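In what follows, a single structure is set out as structure tokens and then discussed.
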Amino acid sequence: MDENFKDIHKAKKLLEINKMLTKSLKIEEILKSVIIAATELIDVSGVFIIYLYDEKTKTLKFAEGQDVNKEAFEKIAFAPGESIAGRVFQEKKSKLFTSEEEIDDYMKNMTAKNYQYYYKGIKERKIKSTFVVPIVNKNRCYGMVVVNNFSRKNIFTKEDMQVIEVVADQTAIAIDNSNVYQDLKEKNNLLRQSYAIHNQFYELIIEGRGIENVISLLEKIIESPVQFDHEIEEPYKENIFPIVRGNERLGLLKFEKAFNDFSYMSKIAIEQASLPIALELVKNNALFEKEIHFREEVFNQLMEGISDRDLQHALQYVKWKKDWNVQCMIMEGKDKSLWQLDKLIEKERFIQSIERISQSLGIDSLIFTRTFQVIVIVPEPKKIRLHELIKQTQMYWSNMEIIYGIGRETNIKDLSISYQEAIRSIGYAKHHQMEIVEYAMLGVERLLYEVDEDVLKMFMHDKLQHLYSLDESFIETLQVFIHLNKNHKQTAEHLHIHANTLYYRLRKIEEALDIQFDDEKDWIDFVIAFRLYVASNKKDG
């Protein structure tokens with residue numbers, strides 16, 4: 001009767017434990033309930049210890065216990081496979097020890113540090129018998145229940161261990177439910193925090209507080225310095241978070257540590273901050289485009305001619321004086337455009353870089369765009385300053401091939417002349433594969449742009465028609481002869497021919513063209529026609 005009564009009592013107790021464990025979702029309450037239940041279910045008095053596996057440290061750590069020095073046990077961290085607890089954790093099977101020798105054999109690989117705290121934790125007593133039951137659910141081991149006995153009289157039995165196995169199975173389910181609950185609770189908490197962060201940044205957007213205030217708020221949230229950089233071509237680094245709009249990178253956030261080293265909520269805050277920064281950059285770009293358009297309108301007014309009153313307003317805007325001279329320079333990509341049409345920030349960055357260089361040289365230039373060209377109107381132009389502007393631009397944009405067309409210096413009212421000359425210079429530079437062309441430096445080549453093409457062809461035909469029948473060596477001779485300013489000796493040396501041969505060729509040319517090189521008018525007409533011929537051949541080629 002007594003044994004039957006005990007079995008009934010244990011069965012009822014197990015049902016009570018099951019109900020108690022399913023009611024609680026807190027790990028601490030679950031573990032305390034397990035300890036209480038174990039003491040009531042085991043006839044032999046013993047010491048109860050619960051270890052749980054820590055995913056972060058990958059070790060078994062003390063979670064709850066009875067009749068132990070908890071302060072000492074809290075310093076223990078068993079690796080999987082270490083001592084009795086570590087072996088059972090790996091094997092996920094209960095283990096009963098009824099002899100000291102077997103216990104000592106299983107515990108011999110315990111580290112000295114762990115043994116020091118373990119021995120102190122069990123109050124320096126010798127274990128006589130023990131059993132360890134893993135807390136397992138769905139093949140996942142959460143930890144184990146350890147029951148120690150320090151008396152020779154009371155030895156644990158297999159039945160004692162089986163009772164605790166039932167409790168451990170119920171505990172595993174309770175822990176699993178608790179973890180699910182804690183995960184949901186944590187996710188809801190993260191969601192609330194994320195929503196709160198979103199609202200803070202949203203308010204900054206609505207108030208239009210600017211990028212600096214967004215950065216300041218972000219630094220407070222993540223408790224780390226943040227730097228915003230307009231640089232968009234910097235290679236990827238772990239401490240960089242790109243500000244992106246579609247496929248376009250607008251800028252960068254830089255941190256003192258890698259982005260992945262931040263907490264989950266800090267990463268959320270960084271991502272949330274990138275949105276108002278991107279919106280601010282797009283807004284600033286829209287304002288920039290309006291400013292560029294307004295500059296073009298000012299330029300158009302100066303080109304078309306306006307009243308003295310409107311001229312005065314325009315000059316105040318560009319900070320020029322009425323009696324100043326101006327000079328137009330056009331910049332264009334050699335083989336491709338200076339910016340891509342769908343990349344807003346590329347255009348803005350390019351123009352702003354030219355503005356900064358111009359300002360650093362003390363030049364209040366009027367800078368704007370037309371299609372894919374950048375127009376720079378330089379006031380009070382000085383050749384050294386203009387060439388320094390080009391030089392610094394080439395250095396800053398060394399990865400780009402840029403061509404420059406420069407008109408002549410004119411007064412403000414004749415600005416259209418300098419602009420048209422700059423356009424012609426750009427055309428000449430593109431056609432002849434040149435980097436910089438100044439209209440003032442062009443010679444007869446200007447006629448290619450200023451005179452009707454049919455008129456030019458007629459002039460060349462009249463002056464040179466009989467030259468085409470001569471050998472190519474005569475053409476080469478003429479080029480050198482003109483270049484060396486009719487110096488016979490130098491021409492012969494350059495061509496590596498005898499002076500008599502040169503004399504023969506020149507006479508032959510004079511006879512063919514019916515001119516005299518010593519006649520000033522004949523010579524001038526011939527040189528102009530010949531240079532037009534050379535220039536037109538380059539153009540055709």
(Q) Contact list please: Cβ distance under 7 Å, first residue in the stretch 144-171 and open to solvent by 50 Å² or more (accessible area, probe 1.4 Å), second residue among the aliphatic types (A, V, I, L, M), pairs at least six apart or on different chains. (A) Asn154/Val44; Lys158/Leu96; Glu165/Val133; Val166/Leu14
Q.
Against the definition (more than 24 Å from Arg249 (Cα to Cα) and either crowded, with 19+ Cβ neighbours inside 10 Å or touching a strand residue (DSSP E or B) at 6+ places or on another chain (Cβ under 9 Å) (or both)), how does Val318 come out, yes or no?
A. yes
Q: May I ask you to verify whether Leu484 is among the hydrophobic types (A, V, I, L, M, F, W, C), at pLDDT 85 or above and within 60 Å of the chain's Cα centre (by Cα)?
A: yes
Q: Return yes when Glu332 is outside any strand (DSSP E or B), open to solvent by 10 Å² or more (accessible area, probe 1.4 Å) and either charged (D, E, K, R) or under 25 Å from Ala286 (Cα atoms) (or both) and no when it is not.
A: no
Q | Residues satisfying the stated conditions in the stretch 48-61, i.e. under 45 Å from the mean Cα position of the chain (by Cα) and on the phi < 0 side of the Ramachandran plot | A | Leu52, Tyr53, Asp54, Glu55, Lys56, Thr57, Thr59, Leu60, Lys61
Q: Hey, can you tell me all the residues within the stretch 367-379 that are surrounded by fewer than 16 Cβ atoms within 10 Å (Cβ to Cβ) and not polar (S, T, N, Q)?
A: Arg370, Phe372
Q.
Can you find a residue that is at negative phi and open to solvent by less than 30 Å² (accessible area, probe 1.4 Å) anywhere in the stretch 445-454?
A. no
Q: Working only within the stretch 344-366, note down all residues that are open to solvent by less than 40 Å² (accessible area, probe 1.4 Å) and in contact with a strand residue (DSSP E or B) (Cβ under 8 Å, 6 or more places away or on another chain).
A: Ile345, Lys347, Phe350, Ile351, Ile354, Glu355, Ser358, Ile363, Ser365, Leu366
Q.
What pairs come out if I take residues in the stretch 89-112 that are farther than 24 Å from Ala168 by Cα and pair them with residues that are assigned to a helix (DSSP H, G or I) and among the small types (Gly, Ala, Ser) whose C-beta lies under 6 Å away, six or more apart or interchain?
A. Met110/Ser83
Q: Return the residue satisfying two criteria in turn: it lies in the stretch 199-213 and is in contact with a helix residue (DSSP H, G or I) (Cβ under 7 Å, 6 or more places away or on another chain) and over 17 Å from Phe262 (Cβ atoms), and of such residues it is modelled with the lowest pLDDT.
A: Ile205
**Q.** Hits in the stretch 214-248 (condition: modelled with pLDDT of 85 or more and of a type in the set (Lys, Arg))
**A.** Lys220
Q: Collect the residues in the stretch 486-531 that are open to solvent by 80 Å² or more (accessible area, probe 1.4 Å), farther than 17 Å from Leu467 by Cβ, in a helix (DSSP H, G or I) and touching a helix residue (DSSP H, G or I) at 6+ places or on another chain (Cβ under 8 Å), keeping them in residue-number order.
A: His488, Lys489, His494, Tyr503
Q: Of the numbered conditions (1) more than 20 Å from the chain's Cα centre (by Cα); (2) free of Cβ contacts under 8 Å to residues at least 60 places away in the same chain; (3) over 30 Å from Leu96 (Cα atoms), Asn179 fails exactly one; give the number of that condition.
A: (3)
Q: Pairs only if they're at least six apart or on different chains, beta carbon under 6 angstrom, first in the stretch 291-306 and closer than 14 Å to Val376 by Cα and in contact (Cβ under 8 Å) with a residue 12 or more places away in the chain, second open to solvent by less than 40 Å² (accessible area, probe 1.4 Å) and aromatic (Phe, Trp, Tyr); list them, first residue then second.
A: Ile292/Phe368; Arg295/Phe368; Glu296/Phe368
Q.
Please go through (1) modelled with pLDDT under 90; (2) closer than 23 Å to Leu31 by Cα; (3) open to solvent by 60 Å² or more (accessible area, probe 1.4 Å) for Asn189 and return the number of the only condition it doesn't satisfy.
A. (2)
**Q.** Residue check, Ile206 free of Cβ contacts under 8 Å to residues at least 60 places away in the same chain, surrounded by 15 or more Cβ atoms within 10 Å (Cβ to Cβ) and either part of a strand (DSSP E or B) or among the aliphatic types (A, V, I, L, M) (or both)
**A.** no
Q: Mind listing whichever residues of the stretch 476-485 are open to solvent by less than 30 Å² (accessible area, probe 1.4 Å) and among the polar types (S, T, N, Q)?
A: Thr477
Q.
Cβ-Cβ distance below 6 Å, separation of 6 or more or different chains: which pairs start in the stretch 400-422 with a residue that is in contact (Cβ under 8 Å) with a residue 24 or more places away in the chain and end on one that is part of a loop (DSSP other than H, G, I, E, B) and crowded, with 18+ Cβ neighbours inside 10 Å?
A. Glu409/Pro381; Ser418/Gly407; Ser418/Arg408; Glu421/Gly407; Glu421/Arg408; Ala422/Gly407
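The values are calculated or read from the model by the stated rules, or taken from the named source; none is laboratory data. Worth saying up front: this structure is predicted, and the values here are computed from it rather than measured. Quick reminder, even Gly has a Cβ in these numbers, built from the backbone with ideal geometry, and neighbours come from all protein chains shown. Surface areas here come from the heavy atoms of the whole protein model, side chains and all, with no ligands, DNA or RNA. Shrake-Rupley method; radii C 1.70, N 1.55, O 1.52, S 1.80 Å.
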